[in-house]
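Colleague: Structure in structure tokens, see below.
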Amino acid sequence: MTRTHKLLTASGIVMTLAFLLPARAFEAPPGPAQVRAQAFAAAVIIQVPSAALWRDRGDISSLNLLEGPGGKKHHPAGKFTFVKEEKEGTAPKFEVLDEKGAEWKVKLGEETKSETAATRLVWAVGYFADEDYYLPEIQVEKMPRLGRGCEYVAAGGVVHGVRLERKIHGQKKSGNWSWFNNPLEGTRELSGLRIMMALLNNWDLKEINNAVYSEEGENSRYVVSDLGATFGRTGNPLVRSKSNLRDYRGTKFVQNVNPEHVDFYLSSRSFFLTVFDVPNYIARTKMQGVVKHIPRTHAQWLGRLLGQLSAEQIRDCFRAAGYSPQEVEGFAEVVQSRIEDLHRL
């Protein structure tokens with residue numbers, strides 16, 4: 001049996017270490033030794049402040065969302081040299097080095113634009129995000145034939161429609177974190193990130209897409225490290241989409257409101273004929289709860305942050321992602337409409 005005690009503070013969550021005792025220990029009143037062990041465990045705490053997830057960006061209205069988290073300083077340019085192909089995940093990916101020796105992860109396919117735009121919106125309101133850039137094409141030296149994504153590669157190592165994610169020197173991935181079991185539960189910062197997932201229509205909220213990064217001399221950072229399944233329609237595999245303006249425009253945002261809490265729309269459950277894959281069906285159904293029962297005051301807080309963004313800044317998120325002028329206007333209009341929904345709470 002596991003018991004966990006939590007105490008919410010203004011700076012984040014203070015959580016006692018969970019202590020484990022065999023089930024038989026609770027069949028009778030605990031003896032003196034058990035009492036001492038429990039008291040010792042309850043006295044040891046782990047503090048995980050909200051700063052592990054969110055930081056105040058200051059004057060949000062001054063942020064450059066064309067360049068995003070990495071800024072103009074880290075914008076990729078020039079030729080790249082192929083390092084290796086990655087086999088994990090559903091999207092084709094490979095690693096490259098640029099002319100200055102910086103390491104980049106290249107992603108190809110339908111997630112390149114949506115992820116580039118999504119990282120900018122998430123970062124703008126204070127959350128940690130990968131340094132993503134979209135380029136219509138790059139030239140890669142020593143480019144081999146890929147196992148996946150060959151259709152995006154032309155003669156001479158020219159690769160079309162790429163998202164480049166810069167590898168930050170000294171940063172290491174120390175694990176993954178869960179939406180349903182994490183030391184930031186109950187904070188307005190985590191609630192805000194949950195709402196952002198609904199605002200973006202992110203239907204792929206698997207634990208594997210949430211990373212815990214650590215840097216020398218820095219606290220751990222909790223990041224949604226894959227934001228590709230966004231700006232489309234949520235739902236089962238037959239209807240859900242990514243980076244699709246028509247689908248995104250046709251979906252709803254706020255589902256239910258009461259004096260204390262707000263529920264947002266998110267559909268992730270698999271098609272009912274696939275229920276035989278029980279673990280996946282359960283996991284996908286559970287994901288829908290990420291955006292439910294959120295304190296109304298937390299939603300209002302996020303609305304105030306998003307409200308500081310200008311219409312031009314929101315358009316810049318989609319310009320940076322390589323969308324057409326018509327798509328830029330369309331996506332920005334939907335995002336602005338959803339921000340207005342938060343203001344009305």
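Colleague: Ranked from the most accessible area to the least, with a 1.4 Å probe and all protein chains present, what is the order of 134, 127?
Modeller: Highest to lowest solvent-accessible surface, that is 134, 127.
Colleague: Accessible area of the range 86-198 with a 1.4 Å probe: how many percent of it is carbon plus sulfur?
Modeller: For the range 86-198, the apolar C and S fraction of the accessible surface comes to 47 percent.
Colleague: Kindly report the accessible area of the range 50-118 per residue (heavy atoms of protein chains, probe 1.4 Å, no ligands, DNA or RNA), in Å².
Modeller: Ligands and nucleic acids excluded, the figure is 49 Å² per residue.
Colleague: For the range 290-345 and the range 74-103, write down the distance between their C-alpha centroids in whole Å.
Modeller: Going from one Cα centre to the other spans 30 Å.
Colleague: List, in the order given, every pair from 252/286; 84/242; 107/292 whose Cα-Cα distance in the structure shown is over 22 Å.
Modeller: 84/242; 107/292
The values are calculated or read from the model by the stated rules, or taken from the named source; none is laboratory data. Keep in mind it's a predicted model, so treat the numbers as computed, not measured. Ligands, DNA and RNA are stripped out before the accessible areas are found, and what is left, the full protein with its side chains, is counted by its heavy atoms. Shrake-Rupley method; radii C 1.70, N 1.55, O 1.52, S 1.80 Å.
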